[in-house]
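*Asks:* Structure provided below as C-alpha cells; questions to follow.
Read-outs throughout are calculated quantities, based only on the coordinates presented, and are distinct from any laboratory measurement. Here the structure is a predicted model, which is why all the values come from computation and not from measurement. For neighbour counting, all protein chains shown are included, and Cβ atoms are generated from backbone atoms with ideal geometry for every residue, glycine included.
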Amino acid sequence: MENIDRIDDLELFADCRKAELRQIQPLMTYLHVAKDQVLMREGDLSQQFIVVGGGTARITRKTGEGVAEVTDLGSGEFIGESSLLAGTRTTATATAATDLAVFVSTANEFRSILRIAPSVEEKVRQGSLNWAEGNAAA
C-alpha cells in the first residue's frame, strides 16, 4: 500500500497556494488506522473530517435487510464532510477495509480549512453534493 503522507500530494489540496498549505498542514493530523477499525459510525454526531491517504475505507449503511455496502473509498477521497456541513448525524459507517493512512481534522479545524482555502471548500461541497445525488436512491 503506497501512502500519501503530505497533504500537498492529495488532489483535494492540489489547487492550494503554498501559503494556504502552510496554514492547513497543522489543522490535519496524520494517523495510521488498523484494518477493521471504525472511523465513524452511522447515526453518531459528526466529529471529524477524514481524508484517506492510503488504503481502503468501506462505507456501509443500515437497511431493512441488514447492513449494505455502499462504496469503498481510496487515496484522496474524504468522509465526514456532509454531516459537518449540514450539522447532522452521520448517514453511514466508515470502517478501515485495509490498514489505512488518514488525515483527520476536528469540526473546528475543518471549518478553518474551508475558510483558508476556497478551492478546498469548492471540492468538498461538490464531493458532498455528488455523494448525496449518487446515494439518494440507497
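*Asks:* With angles folded into 0 to 90 degrees, how steeply does helix 118-134 sit against the dominant principal axis of the chain? Use alpha carbons for both and round to 10.
*Replies:* Helix 118-134 sits at roughly 10 degrees to that axis.
*Asks:* With axes computed from alpha carbons, what is the tilt in degrees of helix 107-116 against the longest principal axis of the chain, rounded to the nearest 10 within 0 to 90?
*Replies:* Compared with the principal axis, the helix lies near 40 degrees.
*Asks:* Sticking with this one: What full-extension length gain, to one decimal in nm, is calculated for residue 107 and residue 32 as 0.36 nm per residue of separation minus the Cα-Cα distance?
*Replies:* 25.0 nm
*Asks:* Packing-wise, with mean Cβ within 10 Å as the measure, how do 50-61, 83-94, 21-32, 65-76 rank, highest first?
*Replies:* For the peptides 50-61, 83-94, 21-32, 65-76, the packing ranking is 50-61, 83-94, 21-32, 65-76.
*Asks:* So if I restrict to the alpha-carbon atoms in segment 7-134, what is the Rg, and what is Dmax, the biggest pairwise distance, in Å?
*Replies:* Rg and Dmax of segment 7-134, Cα atoms, are 14.1, 49 Å.
*Asks:* A follow-up question, please. With each run of n ≥ 4 DSSP H residues scored as -39500 (n - 2.57), what mean residue ellipticity at 222 nm is computed for the chain after dividing by its residue count and rounding to the nearest 500 deg cm²/dmol?
*Replies:* Helix contribution divided over all residues of the chain: -8500 deg cm²/dmol.
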